[in-house]
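First up is the structure itself, then whatever we jot down about it.
The values are calculated or read from the model by the stated rules, or taken from the named source; none is laboratory data. Everything numeric here is computed off the predicted structure, so don't read it as measured data. Backbone-built Cβ (ideal geometry, glycine too); neighbour counts: all protein chains shown.
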Amino acid sequence: MYKIGILGAGTWGIALATTLSKNGNEVIVWSAVESEVKVYSLTRKHPHLPGMAIPEQIAFTSEIRNACEDREVVLFAVPSVYIRNIARKAVQYINNNQIIINVAKGIENGTLFTMTQVINEEFRKGDKCPQIVALSGPTHAEEVALNMPTTIVSSSKNRKSAELVQEMFMNTCMRVYTNYDVLGVELCGAVKNIIAIAAGMAVGLGYGDNAKAALITRGLAETRRLGVAMGCCEETFSGLAGVGDLIVTATSKHSRNYKAGYLVGSSMKPSQAIEEVGMVVEGVNALPAVIQLSSKYYIEMPIVEAVNAVFNEGLDVKELEKRLMQREMKSEILKTEFDLNFENKLVKNTRDMKMKRVITYGTFDLLHYGHINLLKRAKALGDYLIVVLSSDKFNWTEKHKKCYFTYEQRKSLLESIRYVDLVIPETNWEQKKTDVHEFHIDTFVMGDDWVGRFDYLKEEGVEVVYLPRTPEISTTQIKHDLNEIQQ
Ligand code: C2G
């Protein structure tokens, strides 16, 4: 059980408060709007969450202090434009042991920061550095409020915090995955709202499912292009925070962004459409920042640009079709025919030539002449040499060796010599059996201090070779000598 403070009493804040309360946590919800605090604590109902009763155990407050001080977890659930101000107000009550969760999606204008970056910046100014987790995914508050099956991503650079939040929210209707690509998760959350506006516009203009599917697919392609340029992980874009959230936002009747787009498509003025929706339309807020990011990273984002043109540059929505459909011809994938032919041929030829693949295992600390000599001869037994390098943990717990160099340092040393083609980690004794299959190994090589020990690999169809060790060179001796010199 955790003591949790929730900042924001919108639909998402209240739906999450309910989930957390039902999961057995002590929850208090803060709202700056006094009347919300009064009405919700009295009626136990939220006007936009029909059919859900707010559990009696949830407390409400209009004092931000009550929702932050002495809480183990503080969750930000306010529209993205308020995040900085509220983080600034909250920071004095925050402590470094708390976990901060943010569910707002957007990119700040001017700084081009994601929401966790904004929170982090405000906290740093106040000398606070708690762990921050972004929670994002295909999650309509209306459905979560009715206990409908939902999946979501808990994203943090800090694995422990991501897992803690995962555990905190998991229940029979909410399934939480972790993801350590926070920037990717947050970028998806911001851009998908713009794509949803485009999808809504298409339907408002009278187009069908084909157009909607095209906008979702090509919208994801432009989001991924931007994300990859910014250093995000490509997999995130096909994950829950990526394609998952995009599908839900761009196809669902609950989505404000889709609705705003739909109204504009049905020839309502953008400003009027925003008013009609009556709640924050995050996609519109995100537009200037995403446009700036696309030019900063030289990424073409035609759909985002088209939505921006309608909302901010007075483009007639009816021009949208021409603008997107009559662009110059493109290929869906970046690889050319030449690239694909080349790759196919290379793989095929390699197979035809019966290229031989060799593998060897070891610590390779200091990478001295004894090792190099072995590697050189190992490579001569084939065309491709894989070195399986003992991880620091494996060395310590299994081999009881304290290395001079870390795994990463040893890996770069190995990668820098011309005989070695690939370096992968050794984490247990038993992996050899699977490695030889996974890497299609023909020859297994070790120094003859291991003679006979790996003969069992012959049963896997692998040639096992024990090369004579290079005499009079021992890592232990070199280390001993090095220590003597140092002292
Ligand atoms: N070697 C060699 N001549 C030397 C020193 C080492 O040929 N003078 C060989 C070893 O026989 C081994 C390889 O270099 O094949 C790597 O040696 P170590 O780093 O000492 O690794 P080791 O502890 O043998 O680890 O699961 C197998 C282990 O990871 C092997």
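The lone criterion from (1) near the ligand (Cβ under 8 Å from one of its atoms); (2) among the acidic types (D, E); (3) part of a helix (DSSP H, G or I) left unmet by D365 is number (3). Working carefully through the options D448, D442, D455, find the one that is more than 10 Å from the ligand (Cβ to nearest atom), surrounded by fewer than 15 Cβ atoms within 10 Å (Cβ to Cβ) and more than 32 Å from the chain's Cα centre (by Cα). Within the list D448, D442, D455, the selection yields D455.
Residues of segment 441-459 that are among the charged types (D, E, K, R) and within 18 Å of K354 (Cα to Cα): D442 alone.
For segment 268-304, a tally of residues being touching a residue at least 60 places away in the same chain (Cβ under 8 Å) and either part of a loop (DSSP other than H, G, I, E, B) or among the acidic types (D, E) (or both) returns 9.
Applying the condition of being in a loop (DSSP other than H, G, I, E, B) and without any contact (Cβ under 8 Å) to a residue 60 or more places away in the chain to segment 235-266 and asking which residue is nearest to W12 (Cα to Cα) yields K253. Listed conditions (1) at pLDDT below 95; (2) touching a Lys or Arg at 6+ places or on another chain (Cβ under 7 Å) are all met by K157, apart from (2).
Exactly one of these conditions fails for S416: (1) at pLDDT 95 or above; (2) more than 10 Å from the ligand (Cβ to nearest atom); (3) of a type in the set (S, T, N, Q). Give me its number. Exception for S416: condition (1).
The set of residues in segment 372-398 that are part of a helix (DSSP H, G or I), farther than 16 Å from L414 by Cβ and of a type in the set (A, V, I, L, M, F, W, C) comprises A380, W396. Screening E426, E408 for residues that are within 9 Å of the ligand (Cβ to nearest atom), acidic (D, E) and farther than 20 Å from I478 by Cβ leaves exactly one candidate, E426. Evaluation of K479 against the conditions (1) touching an Asp or Glu at 6+ places or on another chain (Cβ under 8 Å); (2) at pLDDT 95 or above shows that the sole unmet condition is (2). Scanning segment 21-51 for residues that are crowded, with 20+ Cβ neighbours inside 10 Å and under 24 Å from K253 (Cβ atoms) yields H46, L49. Of all residues in segment 1-30, those being of a type in the set (D, E) and either assigned to a helix (DSSP H, G or I) or touching a Gly at 6+ places or on another chain (Cβ under 7 Å) (or both) number 0. The one condition from (1) exposed (fewer than 11 other Cβ atoms within 10 Å of the Cβ); (2) more than 14 Å from the ligand (Cβ to nearest atom); (3) over 40 Å from the mean Cα position of the chain (by Cα) that L482 does not meet is (1). Considering only residues of segment 458-479 that are part of a loop (DSSP other than H, G, I, E, B) and more than 26 Å from L366 (Cα to Cα), which is nearest to the ligand (Cβ to nearest atom)? Only one residue tops the list, namely V462.
Taking segment 34-91 as the range and being small (G, A, S) and in contact (Cβ under 8 Å) with a residue 24 or more places away in the chain as the test, the residues that pass are G51, A59, S62, A67, A77, S80, A87, A90. Counting the residues of segment 283-315 that are farther than 16 Å from M201 by Cβ and acidic (D, E) gives 1. Of the residues that make up segment 307-327, is at least one closer than 24 Å to I107 by Cα, assigned to a helix (DSSP H, G or I) and acidic (D, E)? No; the residues of segment 307-327 include none that is closer than 24 Å to I107 by Cα, assigned to a helix (DSSP H, G or I) and acidic (D, E).
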